[in-house]
Amino acid sequence: MQITKVDRIGQVRAEWGREEPGLDTAPMEVIGRILRVAHLADARIRKVLREEGLDRGSLDVLATLRRSGPPYRLTPTQLYQELVITSGAMTHRIDALVRAGLAQRIADPADRRSTLVGLTSRGRELAGQAMAAHMRCEATMTCLLPPTERETLAALLARLLHGMEEQT
């Protein structure tokens with residue numbers, strides 16, 4: 001597939017080619033574009049979430065609890081492991097969600113020394129609403145490609161991700 005218009009990564013590669021002709025910038029064709037798309041997508045997603053009264057971190061917690069299924073409860077450890085953040089960052093997010101009335105701390109009936117984090121009914125509703133808005137936003141971005149190209153790109157990114165995850 002030929003790219004007809006030079007994008008920002010193409011411009012950067014051309015500039016490096018002029019300044020350091022021996023520098024192989026070919027990896028930017030993939031990684032540079034992935035990072036640039038992620039940056040632009042993130043800005044759009046953050047805007048949509050602000051309209052829902054959330055930030056990315058809050059939605060991550062709410063969505064993780066919501067997709068865990070009834071009764072929509074997980075331990076803080078399960079949450080921070082799933083979201084790949086520190087326990088301190090998770091505590092901060094949970095505290096904010098509890099203050100907002102979107103989540104609650106619940107004594108774990110299976111272990112009196114432990115607590116669970118659960119969605120309130122308001123949190124469950126907002127999680128669904130925000131995820132729907134988030135998915136509409138992503139659909140708007142991905143519709144810039146025809147369906148067959150989206151499928152091909154998704155498959156290629158899945159292969160790249162799988163390979164990189166195996167390396168860690």
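Does any residue of the stretch 22-31 turn out to be farther than 15 Å from ALA96 by Cα, surrounded by 14 or more Cβ atoms within 10 Å (Cβ to Cβ) and out of contact with any strand residue (DSSP E or B) (no Cβ under 6 Å at 6 or more places or on another chain)?
yes
Exactly one of these conditions fails for PRO109: (1) free of Cβ contacts under 8 Å to residues at least 24 places away in the same chain; (2) closer than 28 Å to GLU52 by Cα; (3) not in a helix (DSSP H, G or I). Give me its number.
Every condition holds for PRO109 apart from (2).
Looking at GLU151, GLU138, GLU125, which is the one that is in a helix (DSSP H, G or I), surrounded by 11 or more Cβ atoms within 10 Å (Cβ to Cβ), of a type in the set (Asp, Glu) and in contact with a helix residue (DSSP H, G or I) (Cβ under 9 Å, 6 or more places away or on another chain)?
Exactly one of GLU151, GLU138, GLU125 is in a helix (DSSP H, G or I), surrounded by 11 or more Cβ atoms within 10 Å (Cβ to Cβ), of a type in the set (Asp, Glu) and in contact with a helix residue (DSSP H, G or I) (Cβ under 9 Å, 6 or more places away or on another chain), namely GLU138.
Return the residues of the stretch 42-52 that are part of a helix (DSSP H, G or I) and within 12 Å of MET131 (Cβ to Cβ); say none if nothing qualifies.
Step one: of the stretch 42-52, the residues part of a helix (DSSP H, G or I) are 42-51.
Once the filter is applied, which keeps residues that are part of a helix (DSSP H, G or I) and within 12 Å of MET131 (Cβ to Cβ), the stretch 42-52 yields ILE45, VAL48, LEU49.
I'd like to verify a number: residues in the stretch 53-78 that are buried (at least 18 other Cβ atoms within 10 Å of the Cβ) and either touching a Pro at 6+ places or on another chain (Cβ under 7 Å) or in a loop (DSSP other than H, G, I, E, B) (or both), how many?
Of the residues in the stretch 53-78, 2 are buried (at least 18 other Cβ atoms within 10 Å of the Cβ) and either touching a Pro at 6+ places or on another chain (Cβ under 7 Å) or in a loop (DSSP other than H, G, I, E, B) (or both).
Which condition does ALA132 not pass, out of (1) at pLDDT below 95; (2) small (Gly, Ala, Ser); (3) out of contact with any strand residue (DSSP E or B) (no Cβ under 7 Å at 6 or more places or on another chain), if it passes all the others?
(1)
The values are calculated or read from the model by the stated rules, or taken from the named source; none is laboratory data. Note that the coordinates shown come from a computational prediction; the quantities given were computed from them, not determined experimentally. Every residue, glycine among them, receives a Cβ derived from its backbone with ideal geometry; neighbour counts consider all protein chains shown.
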